[in-house]
Amino acid sequence: MGTFNKPLLLVLFLVVFISILPLNIVSSPTTQGEALVKWKDTLFDSSPLNSWSLNNLSNLCNWTGITCNTEGTVSKLQIYDQGISGTLAHFNFSSFPSLTSLAMSYNNLSGSIPVDIGNATQLQRLDLSFNNLDGNIPSFIDQLTELQQLDLSFNNLNSSIPPELGLCTKLNALNLSGNSLTGPLPYSFSNLTRISELSLYENHLSGELSPQLFTKWTELTSLDMRYSGFSGNIPSEIGMLRNLTSLDLTGNDLEGTIPKEIGNLNQLQILYLSENHLEGSIPATIGNLAKLESLFLYNNNLSGTIPPEVSNLTLLEYLDLGNNQLTGTIPHDIGRLINLTYLDLSNNQLNGIIPLEIGNFTLLQYLQLENNQLVGELHDSISHLTMLRKLGLSFNRFSGSIPTDFGKYTPNLSHMNLSGNNFSGEFPQTLCKATSLQVLDLSSNELNGSLPGCLGNLNKTIVVNLSKNKFKGTMPMFCTTNIAILDLSSNMLSGALPRCLFTYTNIKLIILDLHDNQFQGTIPQIIGNSCELTTFNINNNHIEGSIPLGLANCKLLQILDLGNNKIKDSFPSWLPTLPQLQILVLRSNRFHGNLSVKMTERPFSKLRIMDLSHNQFSGNLPINFFDNFKLMANSDRRVGINTSFTIGLYYEASTSLVVKGMELEVKKILYIYTSIDLSSNEFTGEVSEVIGEFKSLRLLNLSHNSLTGHIPSSLGNMSLLESLDFSSNRMTGMIPRQLSTLEFLSTLNLSTNNLSGEIPQGRHFDTFTKDSFLGNLALCGAPVTKKCKDDEFPPREADDDVDYIWFDWKMILIGYGIGLVCGLSTGYIVFTTLKPWWFVSIIERAQHKLIRRLMMNT
């Protein structure tokens, strides 16, 4: 055997020796240049690499992106943001044995990471970030044993993280962010003892954070795992990362408490734990983080008080504890945080006053304290914060007047929201000096007096909401502003509507809401072609005249509410030409004539609410008019009003709607409200069966007209109907049994008609009182007092879900026995509690139904 192995060993030696020879040839500058040009020719766009040419091989080291070593071969290939497009499939990595750095970030590379990359065994840095690479991270990555920096971020990689990556033990920077990686972190990552920067954010990873990993990553300075899908608790071992300067675990599913050991991270400058499910109190040890500059804990379930130790963080610039369940007062010692530029404590349960020490925040730009239970008056220390840009104090219990010098010392103030408080007094005129103001919201307070004319001169103002106060007098002329949303509703303002709001081409109003005031005069007849209105609401004023034809130019209009005025006009035939119209309210005016419309391809295609009640409309209900509503009635699409702006504001437009006899304010377009109200007019004729096709309709009111004919049986198809009112008409015939199948019908009024026959029973019909049927002398059966006679009306067909053919006396006896037991039990409950009258009424109705059915079948 020994003599046999010697020749074999010699052959193996020769094979290895021969294999080395071509390696030297392949690694020559000429061969490397040829390999680069060959790969370049496969690219879809290689124009940035024009210097790569076979005619320029002698100048390889000066090619774009090429760096050579002392032997003249390629050691670095770095092509940043050149827009090159193609794949790496044809890149011959074997030709570059000395390659230490490959960086091609911010290009358009696609396809998968090739297997051949494992041949670049000398790579220390690999950066393919911000491309379109897909597939998996190859397991042969472990062949890159010299790798120190790996960046594959912001591609389309969609595999799990290979355990082999943990064998690249020289890694000190790893970035896999912005992909679709799945699965847990490999346990082999505990081998990465030299890692200092680890970024895995915006992936679809799973599992818990292993405590063992934190015990090994003692060199870590930056850990970014935001929006990665991790769950479980934050391990207490995180306190061992004493070199950590930045920790971001935002937007995961982490729960439990914040470990007190986090106070051991005395080098920490950034701590982001927001948008998780963390609970319990903020640990007092957080006050040990003396170098902390940013602390974000918002959107958790943290409770307890704000620890006074927070005041030790004197380098803090950003503090956000919003959207938690914190209680107690704002600590007075918080005034020590003199470097704060951003403070957000909104959406908690904080009480007490704003400490005077907040006036120490001379660098503060953002102060957000909304949705708490804070009280007291605003002191001058806030109005003197000269750097202030955004102030949010809405929905607290503040009272008193707004400081009279507000705006005088805050020239950079762009957002001011004091809505939902108890502020009183007059509008501070110094706010007109806040020339950078974009959003002003003082709604839902007790402010009074007149509005200063200078308010209309704020050229940068986009949103003004002064609704639900007690302002009076005329409105300022907002004619030189960039205003998009103007809401002065629910005040006592009077005078005419400013014409410039409708006619000036530089005015780009999106929402104009003036309802519930005392405005007079007419709507300006001239409305420019550049109209961008989505909401126009002047409900409940004293507006007269007609609807201007110019409103037809407002093709983006979604809400048109002119109700409760003195407008005298016929139905605007051009309304169906508004393709986005969702709410139309003309209620309680002096409209007259027939409902005639211009026929368009898709009239009223998005209409969800129509209220023409309390006018003088007349004539028959035209079938084609209702037929136009089919898309509205049957559509399952959820369409809302887009009032989101880049300035970070979401405004909810509103209208009023009569729901089951009560006038309610409806915020936005609530999807449950699909309504037609034509009541209190002079309509005649019959109701078309077409109306039964409105399967998504919830409210239908045709009362107080002169309608005749039968109630359409097709109403039984309106499965979502909640309220039906046909009262005070001249309708005849029987009540369709199909109405008793409407599961959600809770309000019914058929009174004062000429209906006859037996009232249907079953489901909600058993709950309606006789008031629903009064004034129909020929109706009989519960709940009216008139009894039905067998020979007076023809028998109804049996319901599909009830069959009495099998009925016999055995069942009567069985029912009697069961009824006896139930009766005794019920009696005991009633006479011992003296409370469940609802239960008594149910038993009485059931007993009445049983007796009536027994009589009908004997």
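The values are calculated or read from the model by the stated rules, or taken from the named source; none is laboratory data. This structure is a prediction, so every number in the text was calculated from the model and none was measured. Cβ: placed from backbone, ideal geometry, glycine included. Neighbour counts: every protein chain shown.
When region 527-551 is examined, which residues are found to be in contact with a Ser or Thr (Cβ under 7 Å, 6 or more places away or on another chain) and at pLDDT 90 or above?
N537, N539, I543, E544, G545
So E261 fits all but one of (1) within 23 Å of L340 (Cα to Cα); (2) part of a helix (DSSP H, G or I); what number is the exception?
So E261 meets the others, but not (1).
Here are some conditions: (1) modelled with pLDDT of 95 or more; (2) in contact with a helix residue (DSSP H, G or I) (Cβ under 7 Å, 6 or more places away or on another chain); (3) farther than 19 Å from L144 by Cβ. L213 meets all but one. Which one does it not meet?
Result: L213 passes all but (1).
Which one is surrounded by the most Cβ atoms within 10 Å (Cβ to Cβ) among residues in region 68-89 that are in contact with a Phe, Trp or Tyr (Cβ under 7 Å, 6 or more places away or on another chain) and assigned to a strand (DSSP E or B)?
Kept after step one, since they are in contact with a Phe, Trp or Tyr (Cβ under 7 Å, 6 or more places away or on another chain), are these residues of region 68-89: 74, 80-81, 85-86.
Checking which are assigned to a strand (DSSP E or B) leaves us with 74, 85-86.
Working: V74: 27, S85: 15, G86: 20.
Across region 68-89, the extreme among qualifying residues is V74.
Quick one: how many residues across region 466-480 are under 29 Å from the mean Cα position of the chain (by Cα) and either surrounded by fewer than 22 Cβ atoms within 10 Å (Cβ to Cβ) or within 24 Å of G528 (Cβ to Cβ) (or both)? Give the derivation first.
Restricting attention to region 466-480, the residues satisfying the condition of being under 29 Å from the mean Cα position of the chain (by Cα) are 466-469.
After this cut, where a residue has to be either surrounded by fewer than 22 Cβ atoms within 10 Å (Cβ to Cβ) or within 24 Å of G528 (Cβ to Cβ) (or both) as well, the list is 468.
Result for region 466-480: 1.
For residues in region 350-378 being assigned to a loop (DSSP other than H, G, I, E, B) and of a type in the set (D, E, K, R), which is nearest to N324 (Cα to Cα)?
Once the filter is applied, the top-ranked residue is E370.
If you go through region 295-302 one residue at a time, do you hit one that is modelled with pLDDT of 95 or more and more than 34 Å from the chain's Cα centre (by Cα)? If you could, list the steps in order and put the result at the bottom.
Filtering region 295-302 down to residues modelled with pLDDT of 95 or more leaves 295-302.
Next, only the ones that are more than 34 Å from the chain's Cα centre (by Cα) stay: none.
No.
Filter region 266-294 down to the residues that are among the aliphatic types (A, V, I, L, M), within 17 Å of L198 (Cα to Cα) and over 24 Å from the mean Cα position of the chain (by Cα) and list them by number. I'd like the intermediate steps shown before the answer.
Initial filter on region 266-294 (among the aliphatic types (A, V, I, L, M)): 268, 270-271, 273, 278, 282, 284, 286, 289-290, 292.
Narrowing further to those that are within 17 Å of L198 (Cα to Cα): 268, 270-271, 273.
Across region 266-294, the qualifying residues are L268, I270, L271.
Only one residue in G392, G453 is out of contact with any Pro (no Cβ under 9 Å at 6 or more places or on another chain), of a type in the set (G, A, S) and free of Cβ contacts under 8 Å to residues at least 60 places away in the same chain. Which one?
Values: G453 fails: out of contact with any Pro (no Cβ under 9 Å at 6 or more places or on another chain).
Going through G392, G453 in turn, just one is out of contact with any Pro (no Cβ under 9 Å at 6 or more places or on another chain), of a type in the set (G, A, S) and free of Cβ contacts under 8 Å to residues at least 60 places away in the same chain: G392.
Does G495 count as out of contact with any Leu (no Cβ under 9 Å at 6 or more places or on another chain) and either in a loop (DSSP other than H, G, I, E, B) or touching a residue at least 24 places away in the same chain (Cβ under 8 Å) (or both)?
On the way: out of contact with any Leu (no Cβ under 9 Å at 6 or more places or on another chain): yes; either in a loop (DSSP other than H, G, I, E, B) or touching a residue at least 24 places away in the same chain (Cβ under 8 Å) (or both): yes.
When the stated conditions are applied, G495 passes them.
Cβ-Cβ below 6 Å, separation at least six or inter-chain, first residue in region 517-537 and among the charged types (D, E, K, R), second in a loop (DSSP other than H, G, I, E, B): which pairs?
Once the first residue is among the charged types (D, E, K, R) and sits in region 517-537, its partners that are in a loop (DSSP other than H, G, I, E, B) give E532/K508; E532/I510; E532/L556.
When only residues in region 544-590 that are within 14 Å of T522 (Cα to Cα) and part of a helix (DSSP H, G or I) count, which is nearest to the chain's Cα centre (by Cα)?
L551
Could you list, in sequence order, all residues of region 591-604 that are surrounded by fewer than 18 Cβ atoms within 10 Å (Cβ to Cβ), at pLDDT below 85 and either in contact with a helix residue (DSSP H, G or I) (Cβ under 9 Å, 6 or more places away or on another chain) or part of a strand (DSSP E or B) (or both)?
Keep residues of region 591-604 that are surrounded by fewer than 18 Cβ atoms within 10 Å (Cβ to Cβ), which gives 592-594, 596, 598-602.
Still in the list and also at pLDDT below 85: 596, 598-602.
Of everything in region 591-604, those that are surrounded by fewer than 18 Cβ atoms within 10 Å (Cβ to Cβ), at pLDDT below 85 and either in contact with a helix residue (DSSP H, G or I) (Cβ under 9 Å, 6 or more places away or on another chain) or part of a strand (DSSP E or B) (or both) turn out to be S596, K598, M599, T600, R602.
Among the residues of region 610-620, count how many are crowded, with 22+ Cβ neighbours inside 10 Å and either hydroxyl-bearing (S, T, Y) or modelled with pLDDT under 90 (or both).
Of the residues in region 610-620, 1 are crowded, with 22+ Cβ neighbours inside 10 Å and either hydroxyl-bearing (S, T, Y) or modelled with pLDDT under 90 (or both).
Look through S346, S381 and report the one residue that is crowded, with 16+ Cβ neighbours inside 10 Å and part of a loop (DSSP other than H, G, I, E, B). Before you say what the answer is, go through the steps one by one.
Details: S381 fails: part of a loop (DSSP other than H, G, I, E, B).
Unique residue meeting the criteria: S346.
Can you go through L431, L447, L455, L437 and tell me which one is over 20 Å from T535 (Cα atoms), modelled with pLDDT of 95 or more and buried (at least 21 other Cβ atoms within 10 Å of the Cβ)? It would help to see each step written out before you state the result.
Details: L431 fails: modelled with pLDDT of 95 or more; L455 fails: modelled with pLDDT of 95 or more; L437 fails: modelled with pLDDT of 95 or more.
Answer to the selection: L447.
Taking region 707-733 only, how many residues are closer than 20 Å to D611 by Cβ and in contact with a Phe, Trp or Tyr (Cβ under 7 Å, 6 or more places away or on another chain)? Don't jump to the end; show me each part of the working.
Taking region 707-733 and keeping what is closer than 20 Å to D611 by Cβ, we get 707, 715, 718, 720-729.
Those left that are additionally in contact with a Phe, Trp or Tyr (Cβ under 7 Å, 6 or more places away or on another chain): 707, 718, 720-722.
Summing the residues that are closer than 20 Å to D611 by Cβ and in contact with a Phe, Trp or Tyr (Cβ under 7 Å, 6 or more places away or on another chain) in region 707-733 gives 5.
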